[in-house]
Amino acid sequence: MIEIKNKKLCSGCTACASVCPVNCITMESDDEGFLYPVVDKSRCVNCGLCEKICPILNKKEDKKIPPKAYAVINNDLKVRMNSSSGGAFSLLADYVLDNGGVVFGASFDEKFNVCHRYIERKEDLQKLRASKYVQSNLAEGGVSIFKKAKEFLDGGRMVLFTGTACQIGGLKSYLRKDYDNLITQDLICHGVPSPLVWMKYVEYRSKKAKANLQEVSFRDKRLGWLLFSMRMKFTNNKVYQKNHLIDPMFVMFLFNKCLRPCCYACSFKTITRQSDVTLADFWGVNSVCKKLNDGKGISLVLIQTKKGAEIFDKIKAKATYLEVPFEKAVAHNKMYTSSVKEKRIRTKFFKDLNSLPFEKIIRKYGWLI
């Protein structure tokens, strides 16, 4: 049976809980706010599937063939401005929805927890657009999103599943076979902050505004793509907006103070991924194709598989794009193959998180140190 002795060897992907034939594995939050599998030993039948399915314990070999790289801009300016970078995700999602498919991705629930959902209509696509810098729950309410994706796949529907590289790895391990009707898209990931930290931050900002949170954007572009900002609107119409170098939640995230333990030793940061397509912001775009940079965001699109190349061929007519050398494309995206360094203050941070008022946490850890 699965047993987490080293938390750096668990990404919380839910593959083990999803595959259990007797449903004796639940995902439970630890004191840092991260979900881990817990086995009800009284019900376990010792089939060993949970260990066999774990994408970290059973790592797939890297093909060592660099993917093709493109700078991409969605030609629909409205969509692009409502996206974190260049709107490439929406091009993929539109294609799948136009063909009667289903799109899975990270969304906010009514309390602004981050969880994976699926949509079947273009009107709902905005729910999945833009970055949410919090680890998403893949089993909200005890319902496995992997199982739901498998139901659609087995029913013949086209499925686009988006998430972090570890989430794609978990899905692929859970499915245990290739599906022609599955398209997977991951992203270049810095690491995933604690959902507990995020919810404490939402509560803190709501108290400051004296109203409930109504809308949030981690990557608002009103101050520009390069100086993206946290923007929170409340039910009394008050707005909080600070750029990522000032906002405390961003500082705690970007300076590695509140990430999941496995993010400091990620098993999925390889040259090639299990996904068909990898998306990211095209940082450093000026050194490759400055003429494309109008300050409104550019996507870096890495085509990992033949299927990914076929899909890109079908969507590129709706984009402005340029193929670029792989090495130059990822030169300013070090997180593509490198894990972030763990801060020595991380242990102290989480100890304080559970003992101090959050306002004191911000005063102590929400600065560029």
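The table below gives the values:
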| quantity | calculated |
| --- | --- |
| Selection count where residues are over 16 Å from residue 263 (Cα atoms) and either outside any helix (DSSP H, G or I) or of a type in the set (Ser, Thr, Tyr) (or both), scope region 338-364 | 4 |
| Residues within region 183-206 that are within 23 Å of residue 300 (Cα to Cα) and assigned to a loop (DSSP other than H, G, I, E, B), tallied | 5 |
| Any pair with Cβ under 8 angstrom, 6 or more apart, that starts in region 43-62 at a residue that is closer than 14 Å to residue 167 by Cα and ends at one that is exposed (fewer than 14 other Cβ atoms within 10 Å of the Cβ) | 53/176 |
| Residue satisfying all of: in region 44-75; of a type in the set (A, V, I, L, M, F, W, C) and open to solvent by 40 Å² or more (accessible area, probe 1.4 Å); modelled with the lowest pLDDT among these | 65 |
| Options 11, 84, 29: the member that is touching a residue at least 12 places away in the same chain (Cβ under 8 Å), surrounded by 14 or more Cβ atoms within 10 Å (Cβ to Cβ) and under 21 Å from residue 272 (Cα atoms) | 11 |
| Extreme residue, farthest from residue 160 (Cα to Cα), among residues of region 94-130 that are among the small types (Gly, Ala, Ser) and open to solvent by 30 Å² or more (accessible area, probe 1.4 Å) | 130 |
| Among the candidates 11, 29, residue that is more than 16 Å from residue 267 (Cβ to Cβ), within 26 Å of the chain's Cα centre (by Cα) and polar (S, T, N, Q) | 29 |
| Complete set of residues in region 253-262 that are open to solvent by 10 Å² or more (accessible area, probe 1.4 Å) and assigned to a loop (DSSP other than H, G, I, E, B) | 255, 256 |
| Total residues in region 229-243, condition open to solvent by 20 Å² or more (accessible area, probe 1.4 Å) and either on the phi < 0 side of the Ramachandran plot or part of a helix (DSSP H, G or I) (or both) | 10 |
| Residue in region 43-51 that is touching a strand residue (DSSP E or B) at 6+ places or on another chain (Cβ under 8 Å) and acidic (Asp, Glu) present | no |
| Matching residues, region 108-149, being over 27 Å from residue 25 (Cβ atoms) and not in a loop (DSSP other than H, G, I, E, B) | 119, 122, 123, 124, 125, 126, 127 |
| Qualifying residue in region 189-203 (condition: more than 21 Å from residue 251 (Cα to Cα) and buried (at least 21 other Cβ atoms within 10 Å of the Cβ)) | no |
| Subset of region 319-337 (residues that are touching a helix residue (DSSP H, G or I) at 6+ places or on another chain (Cβ under 6 Å) and open to solvent by 70 Å² or more (accessible area, probe 1.4 Å)) | 328 |
| Residues of region 343-364 classified as at pLDDT below 95 and either crowded, with 17+ Cβ neighbours inside 10 Å or touching a strand residue (DSSP E or B) at 6+ places or on another chain (Cβ under 8 Å) (or both), total | 1 |
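Each row is one residue, and each column tells you yes or no for (1) assigned to a loop (DSSP other than H, G, I, E, B); (2) in contact with a Cys (Cβ under 8 Å, 6 or more places away or on another chain); (3) open to solvent by less than 10 Å² (accessible area, probe 1.4 Å).
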position	(1), (2), (3)
246	yes, no, no
251	no, no, yes
264	no, no, no
268	yes, yes, no
271	yes, no, no
274	yes, no, no
280	no, no, no
288	no, no, no
302	no, no, yes
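The values are calculated or read from the model by the stated rules, or taken from the named source; none is laboratory data. Just so it is clear, the structure is predicted and the values come from calculations on it, not from any experiment. We place every Cβ from the backbone using ideal geometry, glycine too, and count neighbours over all the protein chains shown. These accessible areas exclude ligands, DNA and RNA; they are computed on the full protein's heavy atoms, side chains included. Shrake-Rupley method; radii C 1.70, N 1.55, O 1.52, S 1.80 Å.
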